[in-house]
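Shown next, in structure tokens, is the structure this report addresses.
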Amino acid sequence: MSSTTSPPPTTPPQTTKSPATTAVVAVLAFSGIVVSLMQTLVIPIIPHLPEYLNAPASDTAWAVTATLLAAAVAVPTMGRLGDMFGKRRLLLISMALLVTGSVVGALSSSVIPLVAGRILQGLAAGVIPLGISVMRDVLPPKKLAGAVAMMSASLGVGGALGLPIAALIAEYADWHVLFWASAVLGALAACLVVVLVPESTVRTGGTFDFGGAISLSAALIALLLAISKGGDWGWTSTLTLSLFGASIVIFGFWAWWELRTPKPLVDLRVSIRRQVLFTNLASIVFGFAMFAASMVFPQVVQLPEVTGYGLGGSMLTAGLVMAPSGIIMMLISPLSSRITNSHGPKVTLMLGAVVVAIGYGIGIFAMHSIWELVVIAVIIGAGTGMAYGAMPALIMGAVPPSETGAANSFNTLMRSLGTSFASAIAGVVIAQMTMSIGGATLPSENAFRVVMALAAGSAVIALVLAGFLPRFNSSNSRKEIGSDHSDTSPTTSKESVPTH
């Protein structure tokens, strides 16, 4: 009897799941790349925006700042709403916001509508953590590590590929085409999600934590506004210091509120678990390390050769130098997942930190030609791809399925904070270490070396923090990446039951 009944259950899943798995991973990764393209969408046209919009540069700079602030608000909020009402549904809402913002930007001819469009584009930033959460819920366990690594890498891939693409469009077409192109890509991604991505059945109960969302958003806006505009306003100005002070006070209130709310936006009791806490801390410093290259390489490429180290290239050349790092982040995903499956995500994260530190260490002494910068960018991209693939696996290994969206979103937020710190600190270093050539004040070569050294140091700090993560248990590898929903250990089963 067993010989007649065993084949049927085994054969159908093999033929139906593989194509679906491939399609889900491809669509979610594509959606992540489309959203991360928004990071670099306007960078090539920033110097020209005052002319295009007939506005001062201080106003047009909000085209970048507004997106950063909107993303900070959206990422944790969308993650929690995804856990409550469905991750696929929130994915589609995010893509709708991106398309709407792109159309608004494409139709704009003044500052206010452009900034409004950029805010809507920033509100789509939750797509990557939501996509990772969908993967945990709908993919087979053996496919999860590779899929998560690829989805996580899309954050860097879009940012790296966006620069040359945007520079190319800006050079040969009207700047509005940038926004029409992003609208088309967003609409295509949304259609693919509707057709190919299933909805997760995992839900968490309770009501939405409006107090937590509002207070966290206010604290993040105050902090990121001070970081992003401190250089313009003055780091010791009353406004900048007031914003830093306000962010500290509001973060304190937010923590107090979250600890007293039955279903908080971010479960701080889960967040202080060793695996979650040290992963998030490593994410902050790793975000710093990843973004430092974006602050250094484009400037070195475009500075005039008369500086003695500048390469006199165009923005398009600078973008092409950065593009290989994004490509290698995607290509390294299978290796990252293999290491995670065999040795655990802790080892993957530590290896990634070592590779990034080596890349920046070489960069301190080798920035004198295009090919050197490309090689360094590839090394840094490989390390970043490994580390970014490991971080969601570490988070999912420590939280129940019903909290995956919120936990992954908070981790993504930590990485974004790291990139914001990198932008601010690198900006201060570059502004302070200058030289004069023909009456013009330009950054000195040592300024870029200091930024590279700080990034290498950040990668080393991430390595040290990763050392405090729990050891990988090979006999329970599925739980380590958060994919074994059937774990019956007392702790996991208790935490995995949604409360209503």
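The values are calculated or read from the model by the stated rules, or taken from the named source; none is laboratory data. Nothing here was measured: the structure is a model prediction, and the numbers come from that model. Counting neighbours? That spans all protein chains shown, and the Cβs are built from the backbone with ideal geometry, glycine included. We work out accessible area using only protein heavy atoms, side chains counted, and drop any ligands, DNA or RNA first. Shrake-Rupley method; radii C 1.70, N 1.55, O 1.52, S 1.80 Å.
Points to keep in mind about this one:
- Reported count of residues in region 438-471, each being modelled with pLDDT under 85 and among the hydrophobic types (A, V, I, L, M, F, W, C), is 1.
- Condition met for Gly312 (in contact with a helix residue (DSSP H, G or I) (Cβ under 8 Å, 6 or more places away or on another chain) and touching a residue at least 12 places away in the same chain (Cβ under 8 Å)): no
- In region 233-255, residue farthest from Ala61 (Cα to Cα) [restricted to those that are out of contact with any helix residue (DSSP H, G or I) (no Cβ under 7 Å at 6 or more places or on another chain) and either among the aliphatic types (A, V, I, L, M) or assigned to a helix (DSSP H, G or I) (or both)]: Gly252
- In region 301-330, the qualifying residues are those that are surrounded by fewer than 24 Cβ atoms within 10 Å (Cβ to Cβ) and β-branched (Val, Ile, Thr), and the one that is nearest to Ser369 (Cα to Cα) is Val301.
- Of Ala66, Ala106, Ala71, Ala116, all but one fail to be touching a Lys or Arg at 6+ places or on another chain (Cβ under 8 Å), closer than 23 Å to Pro44 by Cα and either open to solvent by less than 10 Å² (accessible area, probe 1.4 Å) or part of a helix (DSSP H, G or I) (or both); the exception is Ala66.
- Residue within region 88-107 that is within 24 Å of Pro401 (Cβ to Cβ) and out of contact with any helix residue (DSSP H, G or I) (no Cβ under 9 Å at 6 or more places or on another chain) present: no
- Checked against (1) modelled with pLDDT of 90 or more; (2) buried (at least 20 other Cβ atoms within 10 Å of the Cβ), Ile362 passes all but condition (2).
- Filter result (within 21 Å of Ser152 (Cβ to Cβ) and not hydrophobic (A, V, I, L, M, F, W, C)) within region 104-142: Gln121, Gly122, Gly126, Pro129, Gly131, Ser133, Arg136, Asp137, Pro140, Pro141, Lys142
- Applying the condition of being in a helix (DSSP H, G or I) and farther than 21 Å from Gly32 by Cβ to region 379-415 and asking which residue is nearest to the chain's Cα centre (by Cα) yields Ile379.
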